[in-house]
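Let me begin by presenting the structure, written as structure tokens, before commenting on it.
The values are calculated or read from the model by the stated rules, or taken from the named source; none is laboratory data. Everything numeric in this text was worked out from a predicted model, so none of it was measured. Positions of Cβ are generated from backbone atoms using ideal geometry, with glycine treated the same way; all protein chains shown enter the neighbour counts.
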Amino acid sequence: MANTHVLVLDRASDQHAEIASTSWLPSGDHTIFWRMKLASLPGVGEEYTIISRKIAAGGVHAYLIHVAPPSYIHASIRRADGGESSVHWGNVEIPLGLWVTCAVTCDISEATATERELFVDGVSRGNGTVDTSSNVTAIATGAGELNLGYNTKIASQGFDGKLDEVLFFNTILSQPQIAAMQNVETDPGAADLYCGWWLNNDLLDGVASFDLTGVNSPTFDATDLPDFVVKHPRAISVTPSAGGIGFGI
Ligand SMILES: [Ca+2]
């Protein structure tokens, strides 16, 4: 596949995409992958929702990922009774007006403090800071709604910017696997890919039948695509060491 378009969501117009779903999305180990470019930064009290998956019964979010001020990533999962495990990565500032590629992994069997790991442009940013710890060992399933760029519980918390290639894997991808996805559009036949949207001028799922519907007329852009290059290179230092030359990244 060639990447031809990205999804454009205007927060002021409440543009987003949705699907009313039955019991799907992984309930255990998983990886959520997406590319995004912020058109503005969230202010105090604002959240820019990337992915929201609400369960109708009890009104809980099985999954929720958003950007909150100053511009850090927040991810939470819940079990059916509402018990929540939420984490934020305050050490990550998502830049304004630059494409970034993100992935959050979840090892459901790990202690809450280490079960999630964030990757930005293929580089681990650690396990984050735990906000709520409720030992979620199985993520809630059941009828509900999945949204890109919208939070069905807090309708004003939409996304402002561009999204591309939103993928759910029902496995924990490794850092090398995530890094390998940085600069190439993922093949719909990739192993353990559960569902995903390539957003190439439509909202159709490229794997199964999880097709989205646009709300308030979101648009597509064919000119401002992720450039698929490493945009945040780390400094490399070379230092002499006993017995030879060592280097660190
Ligand atoms: Ca695309």
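Just a few scattered comments:
- Scanning the stretch 193-209 for residues that are more than 13 Å from the ligand (Cβ to nearest atom) and polar (S, T, N, Q) gives a single hit, 209.
- Applying the criterion of being touching a residue at least 40 places away in the same chain (Cβ under 8 Å), outside any loop (DSSP other than H, G, I, E, B) and not hydrophobic (A, V, I, L, M, F, W, C) to the residues of the stretch 72-88, the residue that is surrounded by the fewest Cβ atoms within 10 Å (Cβ to Cβ) is 84.
- Within the stretch 145-249, strands (runs of 3 or more DSSP E) holding 3 or more residues that are closer than 30 Å to residue 10 by Cβ and at pLDDT 90 or above: 161-169, 193-197, 213-215, 219-221
- Test: residue in the stretch 127-137 that is surrounded by fewer than 19 Cβ atoms within 10 Å (Cβ to Cβ) and under 15 Å from residue 28 (Cβ atoms): yes
- Residue among 65, 73 that alone is away from the ligand (no atom under 16 Å from the Cβ), of a type in the set (Val, Ile, Thr) and in contact with a Phe, Trp or Tyr (Cβ under 6 Å, 6 or more places away or on another chain): 73
- Residue pairs whose Cβ atoms lie under 8 Å apart, sitting 6 or more positions apart in sequence or on different chains, and linking a residue in the stretch 188-203 that is over 18 Å from residue 17 (Cα atoms) to a partner that is among the polar types (S, T, N, Q), are 191/171; 192/170; 192/171; 193/186; 194/170.
- Every pair of residues 6+ apart whose Cβ atoms lie under 6 Å, when the first sits in the stretch 209-230 and is over 12 Å from residue 3 (Cβ atoms) while the second is assigned to a loop (DSSP other than H, G, I, E, B) and of a type in the set (A, V, I, L, M): 211/204; 212/203; 214/203
- The combined condition, being farther than 21 Å from residue 227 by Cα and either modelled with pLDDT under 90 or under 13 Å from the mean Cα position of the chain (by Cα) (or both), is fulfilled by residue 133.
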